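Inspection log for the structure reproduced underneath, given as structure tokens.
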Amino acid sequence: MAVTLPEGDLQTRLESYLDGFKNRHGLEESVVEGNVVRVAVEPGFVPAVLATAREALGIMHLAFITVVDRMGSFEVHYELLDLRGGIVRVKTTIQGEEPVIDTVTNIYPTANWHEREAYDMFGVAFKGHPDLRRTYMWQDHFDHHPLLKSFEISTRRTFEGLR
Amino acid sequence: MQTVLNLLEMEPIRFFIAFGAILFLVLNLAAILVMAERKVAGYIQLRYGPNRVGWRGILQPLADIIKLFTKENVAPGRADLWIFLGAPIALFIPAVLVWIVIPFAPGAVVADLNVAILFFVGVTSIGALGVIMAGYGSRSSFSLLGALRGAAQMISYEVPLILSLLGIVMLTGSLSLVDVVNAQGDTFWSWYFLPQFPMFIVFYIAGLAEVKRVPFDLPEGESEIVGGFMIEYSGMTWALIQAAEFASMGLMSAITTTLFLGGWQPPLPFLDLGQFNWFWFGIKTALIMFTFQWIRWSMPRLRMDQLMDFGWKILVPACLIWLFVTAGVMLIIPG
Amino acid sequence: MLKDEKRVESITLSGRESVRLANPDVRDEFGLETLDMNMGPQHPAMHGLLRLILELDGETVVRCDPVMGYLHRCQEKIAENRMYPAVIPLTDRLDYFANMHNEHGYVLAVEDLLDVEIPPRAEYIRVLMCELMRLASHIPSLGFLMLELGAFTPILYCFRERERIQTIFEAVTGARMMFHYIRIGGVKADLPPDIPQKIWDYIEGLEQRFQSDFVDLIQGNEIFISRTRGVGTMSQEKALEMGLTGPPLRCTGVDFDIRRDYPYSIYPELEFDVITDQAGDVEASYRVRIAEALQSIRLIKQCLEKMPEGEVMGDLGRRLRPAEGDGFGRVESPRGEFSVHVVSDGSDTPYRVHYRDPSFCNMQLLQEVIPGHYLPDIMPIMGLIDPVSGGWDK
């Protein structure tokens, strides 16, 4: 059973992705830049938007999930590839120090370990994740999330003196 | 002087001296085979192999032995100590014991048993016991898996091994290895590997499996169960297991030579060296051992289910078919 | 109970484990218990420091749970405390079997932020080095696969080629493994004058002995075929669901290669084929890697032929302060898609660096594919993915 990958002109495809997102979710601030469709959504709508991307628009591949600690809020980037030149970047911002967001593992099963990693490194709790354990750090007796900006490291350096 | 010689030829004393010589031979054989194995591996793998100790690394086995003797012998804390320590001995004794029935040269055999083939089959199957003891005594899941694999493999391949011997027993009409060698004659086309060629192949393959060499080294399987039943051994116990492995490899080569390649018989009549015919025996055994090592360094490993399929579905039927063929031919052409 | 775990509403253990914990006496239909086994991290045949918690029913694996983190260095955190150029040597330590690709991915991400002009000669040198690196990664991976099947010899033939390529790297970059060669805005130094000829000679020689050393030696072996055919088979849907990229994805037949579909550097100007295979098992991945190595040889030849003259370093300031924003770099590493996401806050250190390492993502396959296989099949499946410890542990 072969998977059909999207075909046709890249620009029309990107436009159709954009239209798809706008029609279904009313994401008016979405834009096409180069080969990228940028989508900014509220955290609650992420699973719905990604479900649209996968089921309706046929974007098969979730490349990665990046979490950025903005000190007070968390940005979560989802990078989706349609494997034929088109990229969809879904960005959401979670307010607060203790982020919670719905999982997308039921839409993109590959998100499993990406979300585990995000949980490990940032403490982002993915609701409904089937197996939310730490990937890298100790499973128990380690109660920190190292990539948080509040996690100080002893070799913190500044380069202010340099020119 | 003559009385001393006569005394030495008296039965128990002669036996003990000869057995001591065999023990000496087997232990040295193991050391030399380790060296040969590493050299063969080296040349197959575009490198030199050991070449630091002595001339071209010829003293490497000595260095290995010194290292192994001085190494601490570690046993796992929860090991069943008696079984754990008994396993190397249980592996080593059968590997040495069978050598006593092998004729090295005309008249040079420690014990000319009239059931030598039966003795060989019986004693080699004790080796499976050693494997199980090693795996069970170590109390490690890797060892246990290795031991289970080893037991299953050795018992399964015992069947084609025995069946492939039956043709020779039928042709010779005797179970004595001396008779088998004498029956083969001093020309290489009269040796049993030609009339019994399928049996020879089956015996060779089953022998490979019996001594746990690649592609049948599943009990060791170092890429999945890291040495299997011998994973917990170190120092001299490990050395004893290795010696047993190499001794049984040499044994299998020697038995193959004796049964199928004419034993000490020279390949052509004018090459007969009389009492020094052990030279031919040595040459043939070394060649078989080299093929073992050649296969060892150029083949991947089989999987357990494929191993069993191969043994029961190919080797055993092939043996049975050729047994019938042999029997039929013997009926048609008497004598 | 840790503070975060209280927040997570549904921390559940993976299926079988939860059953076992709820009912510790769980037995199968014969009243026999399963055997728990721990493979790694010190397992000699394991790729790097991976620990697999296995549950065995005889020789059949019932459950496989990979545990990572034994080589975790938190590179992403270290990168946040370094200036932009100083992160490049760190990326060398990620996937230490294909360092050039890591450098290239990171540099592309920073250049995406900076908007600099890269001299064409530098681009050609980058692609040349990356393709040599792919060769030096694909060929040993065949050897690893054979090593896992129990054959020792091919690995030494494969490492002979890697050593020779490393000698070339040493001449070009000054290092055999940790190159720090691809820099933001170009490459560190021009090729030494005699190196293009040396690379050409080496590639010609490799092409001649490729068939005899890596195909004839391995491909026709009956045991190799029986050990790899049908092992680790996955469908295209499964492969895409698991987020596979690179040879593990292409061996199922999905025609996806970053070099062609998301072109970067000068790949659009070069001719090469994307290799796919239909079977999706270990043997198919072997064939894909073999064919890709030949494509790399083709690319290297084109690079050497088309190599323009000129500078190798773009004009950058001494201190890089990219504008605020996100930079993305995506390269096809030998193991799959290597992506870097760099977030800048306008200062001279990255605000956040995220690596998407193909080893990490491809390893999700283990949980899905290994159950149901025999214990000795685990290692060939690892050979299908060919992960690198530095890659998945960042």
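For the stretch C:142-157, the set of residues classified as touching a residue at least 40 places away in the same chain (Cβ under 8 Å), buried (at least 24 other Cβ atoms within 10 Å of the Cβ) and assigned to a helix (DSSP H, G or I) consists of C:LEU142, C:LEU145, C:MET146, C:GLU148, C:PRO154, listed by residue number.
Determine whether the stretch B:283-290 contains at least one residue that is under 30 Å from B:GLY86 (Cβ atoms) and away from chain C (no Cβ under 14 Å). Step through it out loud before you land on a result.
In the first step, residues of the stretch B:283-290 are kept if they are under 30 Å from B:GLY86 (Cβ atoms); the result is B:285, B:289.
Filter once more, so that each one left must be away from chain C (no Cβ under 14 Å): B:285, B:289.
Yes, the stretch B:283-290 contains at least one residue that is under 30 Å from B:GLY86 (Cβ atoms) and away from chain C (no Cβ under 14 Å).
Inspect the stretch A:66-76 for any residue being in contact with a Leu (Cβ under 7 Å, 6 or more places away or on another chain), within 17 Å of C:GLU76 (Cβ to Cβ), in contact (Cβ under 8 Å) with a residue 24 or more places away in the chain and facing chain C (nearest Cβ under 9 Å) and give the result as yes or no.
Our first condition is that a residue be in contact with a Leu (Cβ under 7 Å, 6 or more places away or on another chain); within the stretch A:66-76, this holds for A:69.
Filter again for within 17 Å of C:GLU76 (Cβ to Cβ), leaving A:69.
Now drop any that are not in contact (Cβ under 8 Å) with a residue 24 or more places away in the chain, which leaves A:69.
Narrowing further to those that are facing chain C (nearest Cβ under 9 Å): A:69.
Within the stretch A:66-76 (the criterion being in contact with a Leu (Cβ under 7 Å, 6 or more places away or on another chain), within 17 Å of C:GLU76 (Cβ to Cβ), in contact (Cβ under 8 Å) with a residue 24 or more places away in the chain and facing chain C (nearest Cβ under 9 Å)), the answer is yes, since at least one residue qualifies.
Going by the structure shown, is A:THR110 under 16 Å from A:ILE65 (Cα atoms), more than 7 Å from chain C (Cβ to nearest Cβ) and modelled with pLDDT of 85 or more? No. Could we say that B:ALA147 is of a type outside the set (Ser, Thr, Tyr) and either more than 14 Å from every other protein chain (Cβ to nearest Cβ) or at positive phi (or both) here? Spelling it out, it is not the case that B:ALA147 is of a type outside the set (Ser, Thr, Tyr) and either more than 14 Å from every other protein chain (Cβ to nearest Cβ) or at positive phi (or both). Within the stretch A:147-158, residues that are facing chain C (nearest Cβ under 9 Å) reach no partner that is part of a loop (DSSP other than H, G, I, E, B) and modelled with pLDDT under 65 with beta carbons closer than 8 Å at six or more positions or on different chains. Would you confirm whether any residue within the stretch C:217-229 is within 12 Å of another protein chain (Cβ to nearest Cβ), on the phi > 0 side of the Ramachandran plot and either surrounded by fewer than 21 Cβ atoms within 10 Å (Cβ to Cβ) or in a loop (DSSP other than H, G, I, E, B) (or both)? Within the stretch C:217-229 (the criterion being within 12 Å of another protein chain (Cβ to nearest Cβ), on the phi > 0 side of the Ramachandran plot and either surrounded by fewer than 21 Cβ atoms within 10 Å (Cβ to Cβ) or in a loop (DSSP other than H, G, I, E, B) (or both)), the answer is no, since none of the residues qualifies. Look through the stretch B:41-66, keep the residues that are among the small types (Gly, Ala, Ser) and part of a helix (DSSP H, G or I), and return whichever of them is farthest from the other protein chains (Cβ to nearest Cβ). The residue in question is B:ALA63. Listed conditions (1) surrounded by 22 or more Cβ atoms within 10 Å (Cβ to Cβ); (2) closer than 23 Å to B:ILE283 by Cβ; (3) of a type outside the set (A, V, I, L, M) are all met by B:LYS212, apart from (2).
Yes/no per residue for (1) surrounded by fewer than 18 Cβ atoms within 10 Å (Cβ to Cβ); (2) in contact (Cβ under 8 Å) with a residue 40 or more places away in the chain; (3) of a type outside the set (Lys, Arg):
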position: B:VAL53; (1), (2), (3): yes, no, yes
position: B:ILE58; (1), (2), (3): yes, no, yes
position: B:ILE66; (1), (2), (3): yes, no, yes
position: B:PHE69; (1), (2), (3): yes, yes, yes
position: B:ILE93; (1), (2), (3): yes, no, yes
position: B:ILE117; (1), (2), (3): no, yes, yes
position: B:PHE120; (1), (2), (3): no, yes, yes
position: B:THR124; (1), (2), (3): no, yes, yes
position: B:GLY137; (1), (2), (3): no, yes, yes
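Across the stretch A:120-131, the qualifying residues are those that are in contact (Cβ under 8 Å) with a residue 24 or more places away in the chain and within 8 Å of another protein chain (Cβ to nearest Cβ), and the one among them that is surrounded by the most Cβ atoms within 10 Å (Cβ to Cβ) is A:PHE126. Checking B:THR326, B:THR285 one by one, the residue that is crowded, with 22+ Cβ neighbours inside 10 Å and of a type in the set (S, T, N, Q) is B:THR285 and no other.
For the stretch C:62-114, give me every one of the helices (runs of 4 or more DSSP H) that falls completely inside it and has 1 or more residues that are aliphatic (A, V, I, L, M) and in contact with a Cys (Cβ under 6 Å, 6 or more places away or on another chain).
Numbers: elements: C:75-80, C:88-92, C:99-114.
It comes to C:99-114.
In the stretch B:261-274 there is no residue matching the filter, namely being in a helix (DSSP H, G or I) and of a type in the set (S, T, N, Q). Would you point out the residue of the stretch A:78-88, among those that are buried (at least 20 other Cβ atoms within 10 Å of the Cβ) and within 10 Å of chain C (Cβ to nearest Cβ), that is farthest from A:ARG13 (Cα to Cα)? Applying the filter and picking the extreme gives A:GLU79. Just one of C:SER333, C:SER347, C:SER389, C:SER359 is surrounded by fewer than 23 Cβ atoms within 10 Å (Cβ to Cβ) and more than 10 Å from every other protein chain (Cβ to nearest Cβ); which is it? None of the others qualify; the one that does is C:SER389.
Selection within the stretch C:158-172: residues that are of a type outside the set (D, E, K, R) and in contact with a helix residue (DSSP H, G or I) (Cβ under 8 Å, 6 or more places away or on another chain). The member of this set that is surrounded by the fewest Cβ atoms within 10 Å (Cβ to Cβ) is C:ALA171. Of the residues examined, B:LEU113 is not one that is surrounded by fewer than 24 Cβ atoms within 10 Å (Cβ to Cβ) and within 14 Å of chain C (Cβ to nearest Cβ). Within the stretch A:32-58, the residues that satisfy the criterion of being loosely packed, with under 14 Cβ neighbours inside 10 Å and not in a helix (DSSP H, G or I) are A:GLU33, A:GLY34, A:GLU42.
The values are calculated or read from the model by the stated rules, or taken from the named source; none is laboratory data. Since the model is a prediction, treat every value here as computed from it, not as a measurement. Using ideal geometry, Cβ is built from the backbone for each residue, glycine included, and neighbour counts are taken over all protein chains shown.
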